[in-house]
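Following: one structure in C-alpha cells, then a few remarks.
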C-alpha cells in the first residue's frame, strides 16, 4: 500500500483549511472553491466533509436576545412568577424605557386575549403605556373593567379613562366605576362596595380572565401613590413604619409581598389581593430604578403570573434578590 509523505499530508491539510475558510467564512460555493484551488468539485466536497469529521469546524449561533432570555430565566428562578418578559434597555430616559415595556406588554396582551374575555385593569403610567402600545390587527369582543375605584385628576390615574382607551383600541366595551379609590373610613368602604352599581363592576373584575396592572413605588420621591391619595404624603412616616415596600392595586405591600399594616389599606375601594389572586392570568408592568424593590416584593408575594420590564430593571432586581440571598 502506498504511503503518503508528510509533504502530501501538509498539502491536503492546507487545502482542507482553505476550502473550509472559503466555504464558511467567505460563503463561496463548492464549485467556486474548486475553481479557485484548482481541484475537482468532488475533492472540495471530501475536504469539507473530512474537516467536519476531524472537528475543524464549530458552528455557533449567537442570539441577539441571549442576554434577555437569561435574565428572564433568572427572574422566574427567584420564584413568584410563571413568566418574565424583558426588553432591551436602549435609552437612559425612563419614559422611553417604559414605552418599550408597554409595547412588549401590549403584544403579550394581544397574544393572550380572545373574544369573550374580560380584562381587569388598574390606572397608572405602566398600564397607560400598555394601552398606548396596543396595535391590534383586528377587533376583539372583550370587556375592560376597573379593578379599583376612581381617582380623577391626571389622565393616567383615572382608571375609567384608561379602561375606555383600552376598550376603544381593542374594539370592545369599557365599564366605568363610580366610586372613589379611597373611602373616608372602612365603614364607608363597605357601604360603597355594597352599592349595586359599584358591586356589579367589581363582580365583573372578579370574573376577569386577564388582569393588567402596574406596580407602584412608595418610598421614591416621585411615587405615583401620592397622586392617588395626596394627603398620604403627609403620612410618610406612618407608611415607612408600616414596612411598605411597594403598591399593587393601591394596596401597600411589605418586602415579602404581604399586606402592610397601614390605615388606608382598610379603606380601599378595590378588589382585595385575595380576589386579585383568583384571576387566571395577571400581567404586571413596571420599569425604572424606583420600581426594583416594589417588583421584587410583588414577586415574593406571588401576586403576578407574568412580569414585563426592561433589561436594566431586571438586572437590578436580580442583584437585589441575589444579594439578599447571599
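Please treat every number below as a calculation from the coordinates, not as lab data. Owing to the predicted nature of the structure, the values given are computational and were not obtained by experimental measurement. All Cβ positions, even for glycine, are placed from backbone atoms using ideal geometry, and neighbour counts span all protein chains on display.
Below is a table of values for the structure above.
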| quantity | calculated |
| --- | --- |
| Cα pair count fraction exceeding 12 Å, expressed as % - the range 6-53 | 56 |
| Calculated diffusion of the chain, Stokes-Einstein form, Kirkwood radius summed over Cα pairs, 10 °C and 1.306 mPa s, µm²/s | 70 |
| Gaussian network model of the chain, springs between alpha carbon atoms under 10 Å - residue of 199, 185, 40 with greatest fluctuation | 40 |
| Spin-label pair residue 256/residue 199, simplified geometry with 7 Å Cα→Cβ offset, distance in nm | 3.4 |
| Crossing angle, helix 41-53 versus the chain [Cα axis fit, 0-90 degrees, rounded to tens] | 60 |
| Within a Gaussian network of the chain (alpha carbon springs, distance under 10 Å), most fluctuating of 41, 178, 251 | 41 |
| The chain, relative contact order in percent, only Cα pairs under 8 angstrom and at least six apart counted | 19 |
| Per-residue [θ]222 nm for the chain (sum of -39500 (n - 2.57) over DSSP H runs n ≥ 4, rounded to 500) | -13500 deg cm²/dmol |
| Top of 30, 176, 188 by mean-square fluctuation, Gaussian network on the chain, Cα under 10 Å | 30 |
| C-alpha long axis of helix 6-20 to longest principal axis of the chain, angle in ° | 40 |
| Bridge type composition, the chain - antiparallel percent by DSSP, nearest 5 | 25 |
| Angle between the chain longest axis and helix 159-170 axis [Cα atoms, degrees, rounded to 10] | 40 |
